[in-house]
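Enquirer: First the structure, then my questions, so here it is.
The values are calculated or read from the model by the stated rules, or taken from the named source; none is laboratory data. Remember, it's a predicted structure, so these values are computed and weren't measured experimentally. Here Cβ is always computed from backbone atoms with ideal geometry, including for glycine, and neighbour counts include all displayed protein chains.
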Amino acid sequence: MTAIPSAQTSPLPPGTESFDPANSEAWEALRALGHRMLDDMLDIQSSLTHRPAWQELPATKRHLFDEPAPIEGIGADAAYDRFRSHILPYGNGNWHPRFFGWVQGQGTPLAMLAEMLAAGMNPHLAGFNHSPPMVERQVVSWLAQLMGIPGAGGLLVTGGTAANTHALGVARFAAVRARGGNVREHGLQHWPEGPTAKPLVFYGSVETHGWARKAAEWLGLGDRAFRRVPVDAAYEMDLVALRGMIERDRQNGLDPFCVMGTAGTVNTGATDALPAIAQLCRDESLWFHVDGAFGALAVLAPSVRDQMAGLELADSIAFDLHKWGAMPFECACVLVRDPAVNHDTFRANASYLAETSRGVSAGGVYFADRGLDLTRGFKALKVWMQLQASGVAKLGRIIEQNVTQAQHFARAVLAHPSLELLAPAPLNIVCFRYRADALDDDTLNVMNEELLLRLQERGIAVPSSTRIGGRFALRLAHVNHRTTDEDMALVLAAVTEIGDELVGELVAARAQRGP
Ligand SMILES: *Cc1c(COP(=O)(O)O)cnc(C)c1O
């Protein structure tokens, strides 16, 4: 065996170029810069609560982003200085303890470091005979166990949109095969002589996240194939309506193939009646998919895990690790109960990717064969390291903490005369508004939007918004592992304070206009 010299920097031969530093002095300079980056990042992450939740990039600094491509570089130190002055302070705020917008996770310091290790090692995760894919296999197998479908196949992908779309693609493949066709061969292009003579349709509630429309379009089903089922007062799918729609669609020559339940809807955190949908899918021979983008991980939290019952009955589940899993972007997981059908949907045989009996390519490109991507990064490492370091139990406690804080906040809203809860808050999402007697909905809509913008622009907190029955709602979606009870109290106080301030401004403006 040829020995590889250890711990010795090798200078570049003169006349050769590389992105590596050219000699040991240059390596030392980069090492010092790296240490500075690490110190800066940890300094900020450990003091976020004292910083604004959000601040906008000032107009005076925007010109940097209009500069043309640099033909000659300015050096790593200068490039980092630009990052520090123009980028670092002006993120969207989602790492901050008082960020509750949309559903965005914070990331963790350890996962950040794991990302550095993954990028430094930079392995290729199509498959092959090396440790990194074993890490992903293990992570997927852990997640399948936590979701109650041990042995499910799956992989990590970029996000919930990708994970759900993958699953719907597998469902579409399986449906066409069950009808004697082959969607990989014929696509859905030639309906009359294609895999199924009837248009395939699938079902989800009107509260389904926007990924489903994109997926329907992308998979060649078309948006008309996505049948939107009404919801009840709890914002859960109306199963009587679902049954009626399936029956009517069949009578009208359509071909139902899948029902999607949502575990944690993006608007209000509602979860569809998963066990009943599972039963209906069994009775009707339909694929049962669950979009658990953020909600599925609530299986780890004792007080709400009952809401997730039925997840374990799904044919496929999609969920994010970059929402309630606290991982830095991006990372999501798709699980398919029957690993074989997942493989059959995607497997390809390219000669340049041929499997060998020994060596690096032993085992073949098994991850590329379960999904769309060939070149895949080492996303699994951050999940693996965080779970190794802190354990599943701690993630469960943090999810529980978020639920407790959100529920407490919802109760405080109910108890406050100037606040109004606009939808049930079963999980971690609270939709509410500031209100005052004698103000109509139109005025309240304008006022609450202004309230939201002041909260954000003053750097106090970042909720987002939605519309509930036409009413503008402030929306807290709480997946934040950094939030303390004090942060929650501060947000509540700021909302009422700014609301009172806006009422004061309104009264003053009306008085000025006169009677
Ligand atoms: C966020 C979300 C998605 C989309 O996931 P991304 O990771 O943003 O692509 C899908 N469904 C639900 C319920 C979500 O909350």
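Enquirer: Within region 481-490, which residues are of a type in the set (A, V, I, L, M, F, W, C) and within 24 Å of the chain's Cα centre (by Cα)?
Expert: Met488
Enquirer: Here is a list of conditions, (1) in a loop (DSSP other than H, G, I, E, B); (2) under 30 Å from Lys198 (Cβ atoms); (3) away from the ligand (no atom under 14 Å from the Cβ), and Ala233 meets all of them except one; can you say which number that is?
Expert: (2)
Enquirer: Condition (residue is among the aromatic types (Phe, Trp, Tyr) and at pLDDT 95 or above) applied to region 208-215: is it met by at least one residue?
Expert: Within region 208-215 (the criterion being among the aromatic types (Phe, Trp, Tyr) and at pLDDT 95 or above), the answer is yes, since at least one residue qualifies.
Enquirer: From the residues in region 43-60 that are among the aliphatic types (A, V, I, L, M) and within 20 Å of Arg454 (Cα to Cα), which one is surrounded by the most Cβ atoms within 10 Å (Cβ to Cβ)?
Expert: Ala53
Enquirer: Tell me, please, whether a residue that is surrounded by fewer than 23 Cβ atoms within 10 Å (Cβ to Cβ), over 23 Å from Phe378 (Cβ atoms) and more than 16 Å from the ligand (Cβ to nearest atom) can be found in region 315-325.
Expert: Within region 315-325, none of the residues are surrounded by fewer than 23 Cβ atoms within 10 Å (Cβ to Cβ), over 23 Å from Phe378 (Cβ atoms) and more than 16 Å from the ligand (Cβ to nearest atom).
Enquirer: So Gly93 ticks every box in (1) small (Gly, Ala, Ser); (2) touching a Phe, Trp or Tyr at 6+ places or on another chain (Cβ under 6 Å); (3) loosely packed, with under 12 Cβ neighbours inside 10 Å but one. Which box is left unticked?
Expert: (3)
Enquirer: Only one residue in Leu117, Leu146, Leu48 is out of contact with any strand residue (DSSP E or B) (no Cβ under 9 Å at 6 or more places or on another chain), closer than 30 Å to Ile460 by Cβ and either free of Cβ contacts under 8 Å to residues at least 12 places away in the same chain or not assigned by TED's automatic domain parsing to the domain that holds Ala461 (or both), so which one is that?
Expert: Residue meeting the stated conditions: Leu48.
Enquirer: Six or more apart or on different chains, Cβ under 8 Å: which pairs go from a residue in region 125-137 that's under 12 Å from Gly363 (Cα atoms) to one that's surrounded by fewer than 15 Cβ atoms within 10 Å (Cβ to Cβ) and hydrophobic (A, V, I, L, M, F, W, C)? Could you list them?
Expert: Within 8 Å, the pairs are Phe128/Val360; Phe128/Ala362; Asn129/Val360; Asn129/Ala362; His130/Val360.
Enquirer: Right, here's the next one. Would you check if there is a residue in region 339-358 being more than 16 Å from Trp142 (Cβ to Cβ), surrounded by fewer than 24 Cβ atoms within 10 Å (Cβ to Cβ), in contact with a helix residue (DSSP H, G or I) (Cβ under 8 Å, 6 or more places away or on another chain) and basic (Lys, Arg)?
Expert: Within region 339-358, one or more residues are more than 16 Å from Trp142 (Cβ to Cβ), surrounded by fewer than 24 Cβ atoms within 10 Å (Cβ to Cβ), in contact with a helix residue (DSSP H, G or I) (Cβ under 8 Å, 6 or more places away or on another chain) and basic (Lys, Arg).
Enquirer: If you don't mind, there's one more thing I want to ask. Is it the case that region 171-187 has a residue that's at pLDDT 95 or above, under 18 Å from Ala263 (Cβ atoms) and assigned by TED's automatic domain parsing to the domain that holds Gln307?
Expert: Yes, because at least one residue in region 171-187 is at pLDDT 95 or above, under 18 Å from Ala263 (Cβ atoms) and assigned by TED's automatic domain parsing to the domain that holds Gln307.
Enquirer: Scanning region 206-228 for residues that are within 11 Å of the ligand (Cβ to nearest atom) and in a loop (DSSP other than H, G, I, E, B), which turns out farthest from His166 (Cα to Cα)?
Expert: Only one residue fits best here, namely Glu207.
Enquirer: May I pose another question? If Cys431 passes every condition in (1) touching a residue at least 60 places away in the same chain (Cβ under 8 Å); (2) assigned to a helix (DSSP H, G or I) but one, which one does it miss?
Expert: (2)
Enquirer: What do you reckon, is Glu193 acidic (Asp, Glu), farther than 26 Å from Ala126 by Cβ and at pLDDT 95 or above?
Expert: No; evaluated as a whole, the condition is false for this residue.
Enquirer: Taking the condition within 22 Å of Asn267 (Cα to Cα), touching a Pro at 6+ places or on another chain (Cβ under 7 Å) and in a helix (DSSP H, G or I), does Leu452 pass?
Expert: yes
Enquirer: Let me ask something else. If you go through region 245-253 one residue at a time, do you hit one that is in a helix (DSSP H, G or I), of a type in the set (Val, Ile, Thr) and more than 16 Å from the ligand (Cβ to nearest atom)?
Expert: Scanning region 245-253, I find at least one residue that is in a helix (DSSP H, G or I), of a type in the set (Val, Ile, Thr) and more than 16 Å from the ligand (Cβ to nearest atom), so the answer is yes.
Enquirer: Here's a follow-up. Which strands (runs of 3 or more DSSP E) does region 259-375 wholly contain that include 3 or more residues that are more than 15 Å from the chain's Cα centre (by Cα)?
Expert: Output list reads 287-291.
Enquirer: Quick check on this structure: which one of Ala477, Ala423, Ala461 is in contact with a Leu (Cβ under 6 Å, 6 or more places away or on another chain) and outside the structural domain of Glu236 (by TED's automatic domain parsing)?
Expert: Ala461
Enquirer: Still on this structure, I have one more. Are any residues in region 403-438 buried (at least 16 other Cβ atoms within 10 Å of the Cβ) and at pLDDT below 95, and if so, which ones?
Expert: Listed by number, the list holds a single entry, Ala436.
Enquirer: Is it the case, given these coordinates, that Ala233 is surrounded by 20 or more Cβ atoms within 10 Å (Cβ to Cβ) and in the same structural domain as Asp249 (by TED's automatic domain parsing)?
Expert: no
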